[in-house]
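Have a look at the structure below before the remarks.
The values are calculated or read from the model by the stated rules, or taken from the named source; none is laboratory data. These numbers come from a predicted model, not from an experiment. Note that each Cβ is placed from the backbone with ideal geometry, even for glycine, and that neighbours are counted across all protein chains shown.
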Amino acid sequence: MAGVRWPPEDSDLFPSRPPPAATEMVSDDDRSVAADSWSIKSDYGSTLDDEQRHADAAEILSVSTFPAASDSSSDKEDSDANEAEPSILGLQSYWDATYAEDLVNFHEHGHAGEIWFGVEVMDVVASWTKNLCTNMVGGGNLANGSSNKSESKDKACGDLSKWSVLDIGTGNGLLLQELAKQGFSDLTGIDYSEKAINLARNLAERDGFSSIKFLVDDVLGTKLDRKFQLIVDKGTFDAVGLHPDGPVKRMVYWEAVSNLVTACGLLVITSCNNTKDELLAEVDDFNKRIRSKNLVQYPGTEPTDVFQYLDHVCTYPTFVFGGVEGSHVSTVAFIRK
Ligand SMILES: C[S@@+](CC[C@H](N)C(=O)[O-])C[C@H]1O[C@@H](n2cnc3c(N)ncnc32)[C@H](O)[C@@H]1O
């Protein structure tokens, strides 16, 4: 299930060639070859012709297997087998090289670079997240994590502009632009790649979203000293898990994100390397770890979960391959207790 890039304009599945395992990649030349082979067309620019992309897709489809979206128990049993192989997509050097190339393309041609999982998924994530937040506010389930009553009342007006939003691993920052179009206005994007932040700033400026804040920051060792009511992640947890130390990094990820989101705040995570059930299992493991840690540190206290499942997107297209039905992308929302 290693990282799948999905060009937006193709209605059918169109994964490009998977990169080599991280351990296989030894030189800058290798990296640029791998980066080239992963550089596929998006709505915002084309670097690979259609014929080549179709050849790549055919090659991938001939070797890929996908999890069944409908069968949660088999997901669970196969979770070890589904563990993503390390890949260069887990390395910062890969992203730095990718965004360096995207920046050149932006300056020369005005291209925005890759939209991960395609425009359709990005639009669904933005509008679904907006509805989720609106409904929470409407239902009086406030996501401000504040004990200040008047601030809570203010939030109850359903004003999305009051939600503080953090996009983890923002890349070109286009998801934040979409969230701005939906009515969110306190928007921050972080990425550990300086080139990504440079690109995101340039695009936001060009597209009239200069109030979005962008910051170079590694979420696994964040410099941020504030919390956010809504955290979104599209493809970053996938990248973190593809690092050679993926299992450890994923644990650090949950800890880091839990510290960045306010009490009663939301995490909306979109992944192509994890099914909904695998994401739920990850959170379950994290909750268990924290509960046992708390029991040792604060004996006698009531054990509580850190994240609780709230909802997921049910509308992504599914496909059948080799008799197995599945969806490439899952978006799941968790609430911070
Ligand atoms: C698959 S891309 C997704 C980019 C963007 N979210 C999107 O949907 O287009 C993964 C992104 O996560 C960033 N990233 C990976 N690990 C990170 C980390 N530890 N801290 C911050 N950013 C990270 C990468 O630089 C890259 O921009």
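Quick look at the numbers
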| quantity | calculated |
| --- | --- |
| Test for Leu266: is it of a type outside the set (D, E, K, R), within 18 Å of Met136 (Cβ to Cβ), in contact with a Phe, Trp or Tyr (Cβ under 6 Å, 6 or more places away or on another chain) and crowded, with 24+ Cβ neighbours inside 10 Å | no |
| Single unsatisfied condition, Leu142 versus (1) at pLDDT 90 or above; (2) within 26 Å of Leu224 (Cα to Cα) | (1) |
| Condition check for Asp285: more than 13 Å from the ligand (Cβ to nearest atom), among the acidic types (Asp, Glu) and not in a loop (DSSP other than H, G, I, E, B) | yes |
| Subset of the stretch 219-234 [within 15 Å of the ligand (Cβ to nearest atom) and surrounded by 15 or more Cβ atoms within 10 Å (Cβ to Cβ)] | Val219, Leu220, Thr222, Leu224, Phe228, Leu230, Ile231, Val232, Asp233, Lys234 |
| Criterion: under 25 Å from Leu132 (Cα atoms) and either among the aromatic types (Phe, Trp, Tyr) or within 13 Å of the ligand (Cβ to nearest atom) (or both) - qualifying residue of Gly189, Gly246 | Gly189 |
| Residue that is surrounded by the fewest Cβ atoms within 10 Å (Cβ to Cβ) [pool: residues in the stretch 81-122 that are assigned to a loop (DSSP other than H, G, I, E, B) and more than 12 Å from the ligand (Cβ to nearest atom)] | Ala81 |
| Members of the stretch 265-302 found to be of a type in the set (A, V, I, L, M, F, W, C), touching a helix residue (DSSP H, G or I) at 6+ places or on another chain (Cβ under 9 Å) and modelled with pLDDT under 95, listed by number | Cys272, Ile290 |
